[in-house]
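The values are calculated or read from the model by the stated rules, or taken from the named source; none is laboratory data. Given the structure is predicted, the values throughout are model-derived calculations rather than measurements. Positions of Cβ are backbone-derived with ideal geometry, glycine not excepted, and every protein chain shown enters the neighbour counts. Remember, those area values only see protein heavy atoms, side chains included, never the ligands or the DNA or RNA. Shrake-Rupley method; radii C 1.70, N 1.55, O 1.52, S 1.80 Å.
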Amino acid sequence: MSNTEFPDDELRQEQEFIDGLYARVDALRGDAETSVTDALAQGNTPMQARLERDILVAERSGLLAALNAVDGCLCFGRIDLTSGVTHHIGRIGLRTDDAERTPVLIDWRADVARPFYLATGHTPMGLRRRRHIATEGRRVTHLHDEILDLGDETRTGHEDPTGDAVLLAALNSARTGRMSDIVQTIQADQDRIIRAPHRGVLVVEGGPGTGKTAVALHRAAYLLYEHRELLAKRAVLIVGPNPAFLGYIGEVLPSLGETGVLLATVGELYPGVKATATDTPEAAAVKGRAAMADVLAEVVRARQALPDPVIAIEHDREVLMLDDGLVNVARERTRAAKLPHNAAREHFEGHILNTLTELYAERIGTDPFDGSSLLDPSDVTQIRDDLAENPEVWAAIDRLWPVLTPQRLVADFLAAPEEFLPAEDADAVRRPVTRRWTVADVPLLDEAAELLGEDDRLARERAERERERQIAYAQGVLDVSYASRTYEFEDKEEDDPESSEVLSAHDIIDAERFAERHEEDDHRSAAERAAADRTWAFGHIIVDEAQELSPMAWRLLMRRSPTRSMTLVGDPAQTAEAAGVGSWSGILAPYVEDRWEHTRLGVNYRTPAEIMDVAAAVVRAENPEFEPPSSVRSTGVRPWARATDDLPGAVAKAVGELTPAEGRLAVIAPRDLHRSLAARLDGVTAGAEPDLTQTVVLLDPRQAKGLEFDSVLVVEPARYGTSDLYVALTRATQHLGVLHTGELPTALAKALM
C-alpha cells in the first residue's frame, strides 16, 4: 500500500507497524513448519532426544496453530502511557529476536494490557490515550482514540467522543453463524470475571445477551495463558448444551491462539458412546434425578445373586452343593471390601473356591472314625487348584457374580425398570434393549462405570505378555549386534589388542531397558487423551447453560473435577429442561456447600431495548419481581405479530421480508412443525443438525439457546413454556417477528400492543 492511500500519518504509522508484525509472523510460521518437519523426520532416537523432539514438536505445533488462527486480526489496540511508553495490544504476544527479547506486541491477557479494558477518565490507570485499531485482513481501516488524560491537548483527528464506536460497530455487525471473540471490546465488568482466580467454583449469572458465554470462553483462554504449565497437562473442558452450540462457539478459542481445549456436550462425555436418540421430557426428568445413583447401586447389588435354591457342581465324581447360605457368606464378605463390583469379583472367586475346597476336603479327607483330617496343607492346595480348573465352578461364579459392562447394566435396567422404580417412573423410562443412547443415559452409564469398576487382570496379563514380547525382540536385536561386533573384531585382536575394548550395545544396556526406550509414544494432546479417558481429571471445567444440567449430570462432571476448579455460566430464568436443577445452591450444595462465588452480568449487549421489553413482560407475567438485563442500545424497530390461517405460507413470506442482505435469520418453531415449514423454505432441511452458517436456519427453542441472529421469526408462541418463549424472543440483534394461528399468550399480546 502506498503512502498516498493514507489520509494522515497516524494511519500510515499503524499500517507500517502491523506490516512489520505480519512479516515477523510469516517468518515465525516458516521457522515453526521447518522445525516440526525436521523433528518428525528424525525417526527413532535415544529416549532423551526423543523426549526433547516431542516437546519441540508440541511447542512448535501450538505456535503454528496460534499464528494460523489469528492471521488477519493480529493487533487491535494501543495504549499510550503518560510516561511516554506505548504498547500495542494483540491476540498473541511477540518479542524481538535479540538477547533483550523486548515485547513488540502485548498479549491481551498480560497484566500490562489490563488498562486497555479497565481505564476510564475517572481512573485512567496511567494512560494518556487508548486506541482501537480496526482492520480488514491485514489492512488498517479506522482508528478510534479515547483521551483519558484530559490535560493532554494533543489530538490525532481520530478521537471518539463517546468511546463506544467500536463496541456499537461490533454489536450492529451482521452475524455469520459463528461466534466471534470480543477481545477488542471486553468491558470492565467482563474483564474482572475473565481474570478471576481459577481455584474453586465461580458462578457467572447473566440474562440473554450479557456476553456470559463469550466471557467464559475468554476466561478459558486467560487461564491457559496464566496457568499454562498446569492446564496444558490437565486440559480445560468446556461443556455446552448441544452440538449446534459447540459448532457456534468453536472458532473463538482458536482465534485467541488456544487449541488445546476439549469442547463437548454431556452426551459426549462417555468414551465410545455418542447420544443420538431422544428422551421424552418425562424420561429425562426421571433419569436425571439424584436418586438414580441409589437405584443403579441397587441394580448392581441385584446382580450379585444367590442360588435358587442350590447350584450343584460335579467335581471328580463328587457333587458339591452351593446353597444360598454358603454363597451369602461369600457375598457379604466380598461386599465388606467396599470395592466396585467388577474389581470385587476376584475376592468373590476366592471365597467360592475356598468354600468348595472345604466341602470337597471334608468329603474325601475326613477320618470316618474320629473325624480328623487326613489331608495335609499341600493336599488342600492341590484340591483348590484342581477346582480352579473346573468349568462348572466358573459357570457358577458367572451366574452369582457376573462381570458386567456399564452399557449392558443400564440397557438391561431400562428394558425392565419396574423392579427398581415406581410404576409411573418405570413406564416413563422403559424401552427395549437398544444400541442407541440418549443424553440422559450418559450420566447413568458414567454412574454405572463407577459402581462396576474394572477387573483389570486380563489387561494386566495382556500388558505383561506384550512387555515380554518386546523384551524378547530387544534381546534378539542385541544378540545380532553382539554377533556382528564379534565377527568384526575377532580377526583384529591379534594385531590390535585394544580393539576388544570397544563397547557394544550389549555392554551398556540390557534388553529390558532397550525395550522401554522403544515403546510407542503417545503424541495425542492432553485434550485428545482426556476425551478418550473417562477417569480424566481436568484442570478446569467451564459449563455453559449450567442451570439445565440434571443432578446426575453434575455427578458426572464433579468426578472430572476433583479439585472443584470450575466456572459455571447460566441464567436460572432460562431453565427449560425438566431435569434441570435451576438454582445455583441446588447444583453446588451437595459438592461444595456454600464455598462458591457468585457474580452477575447485568448489561444486555445483544438485544435491543424494544425486543427486551417484550421478552421481559412475558416473564414478569409469571414472576412480577423479575429484573431483565439493561439493553445498551435501541434500534427504533418494534417487534410485530401476525395471525394467519396458512402458517407455512406466512412463514415463507415473512422469511422473504426479514432475511437480511448480510447476516442470518432464525425461524424458531415447535419441532413437529419443522417438516411442513422446511418444505416452503429454499435450502432449509428439517431433522438434521442445523448449519448455522446458512442464511436461514430452522430451530426449536432448546436448539436456539446461547445463539444469536440478526433477525428472528418466532412461530406459534402459545405452544412454548415461559422459559422457552423467553429464550426464543431474545435471540435477535435487530428484528423480531411473531406468527401464530391461535391466540397469543396474554402477556405477549399486551406487550406487542
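Key figures
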quantity: Single condition Arg130 does not satisfy, out of (1) under 24 Å from Ile18 (Cα atoms); (2) at pLDDT below 85; calculated: (2)
quantity: Residues satisfying the stated conditions in region 609-640, i.e. more than 21 Å from Ser723 (Cβ to Cβ) and hydrophobic (A, V, I, L, M, F, W, C); calculated: Ala609, Val632, Val637, Trp640
quantity: Region 532-551 - residue that is closer than 21 Å to Leu451 by Cα and small (Gly, Ala, Ser) and, of those, most open to solvent (accessible area, probe 1.4 Å); calculated: Ala532
quantity: Top-ranked residue of region 1-16 - restricted to ones that are open to solvent by 50 Å² or more (accessible area, probe 1.4 Å) and at pLDDT 75 or above, ranked as farthest from Arg95 (Cα to Cα); calculated: Asp9
quantity: Counted residues, region 652-669 - those being open to solvent by 20 Å² or more (accessible area, probe 1.4 Å) and either more than 23 Å from Ala749 (Cα to Cα) or of a type outside the set (Lys, Arg) (or both); calculated: 9
quantity: Filtered residue count, region 393-412, keeping only those that are among the polar types (S, T, N, Q) and crowded, with 21+ Cβ neighbours inside 10 Å; calculated: 0
quantity: First in region 425-448 and without any contact (Cβ under 8 Å) to a residue 12 or more places away in the chain, second anywhere and of a type in the set (D, E, K, R) and open to solvent by 20 Å² or more (accessible area, probe 1.4 Å), Cβ under 6 Å, 6 or more apart; calculated: Ala426/Glu418
quantity: Verdict on Pro254 being open to solvent by 10 Å² or more (accessible area, probe 1.4 Å), in a helix (DSSP H, G or I) and out of contact with any Ser or Thr (no Cβ under 8 Å at 6 or more places or on another chain); calculated: yes
quantity: Top-ranked residue of region 334-358 - restricted to ones that are over 16 Å from Leu451 (Cα atoms) and among the acidic types (Asp, Glu), ranked as least open to solvent (accessible area, probe 1.4 Å); calculated: Glu349
quantity: Residue within region 198-219 that is of a type in the set (S, T, N, Q) and closer than 30 Å to Ala526 by Cβ present; calculated: yes
quantity: Matching strands (runs of 3 or more DSSP E) fully within region 552-651 where at least 2 residues are buried (at least 16 other Cβ atoms within 10 Å of the Cβ); calculated: 566-570, 596-601
quantity: Glu358 in contact (Cβ under 8 Å) with a residue 24 or more places away in the chain and more than 30 Å from Arg431 (Cβ to Cβ); calculated: no
quantity: Strands (runs of 3 or more DSSP E) contained entirely in region 112-226, each with at least 1 residues that are over 30 Å from Pro628 (Cα atoms) and β-branched (Val, Ile, Thr); calculated: 127-136, 139-147
quantity: Residue that is nearest to the chain's Cα centre (by Cα), among those in region 139-198 that are open to solvent by 40 Å² or more (accessible area, probe 1.4 Å) and polar (S, T, N, Q); calculated: Ser180
quantity: Test result for Tyr726, within 22 Å of Ala573 (Cα to Cα), among the hydroxyl-bearing types (Ser, Thr, Tyr), touching a residue at least 12 places away in the same chain (Cβ under 8 Å) and open to solvent by 10 Å² or more (accessible area, probe 1.4 Å); calculated: no
quantity: Check on Pro690, under 22 Å from Thr607 (Cβ atoms), touching a His at 6+ places or on another chain (Cβ under 8 Å) and either open to solvent by 40 Å² or more (accessible area, probe 1.4 Å) or not small (Gly, Ala, Ser) (or both); calculated: no
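Conditions (1) touching a residue at least 24 places away in the same chain (Cβ under 8 Å); (2) among the β-branched types (Val, Ile, Thr); (3) open to solvent by 30 Å² or more (accessible area, probe 1.4 Å), marked per residue:
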position	(1), (2), (3)
Tyr225	yes, no, yes
Ala232	yes, no, yes
Leu237	yes, no, no
Val261	yes, yes, no
Val266	yes, yes, no
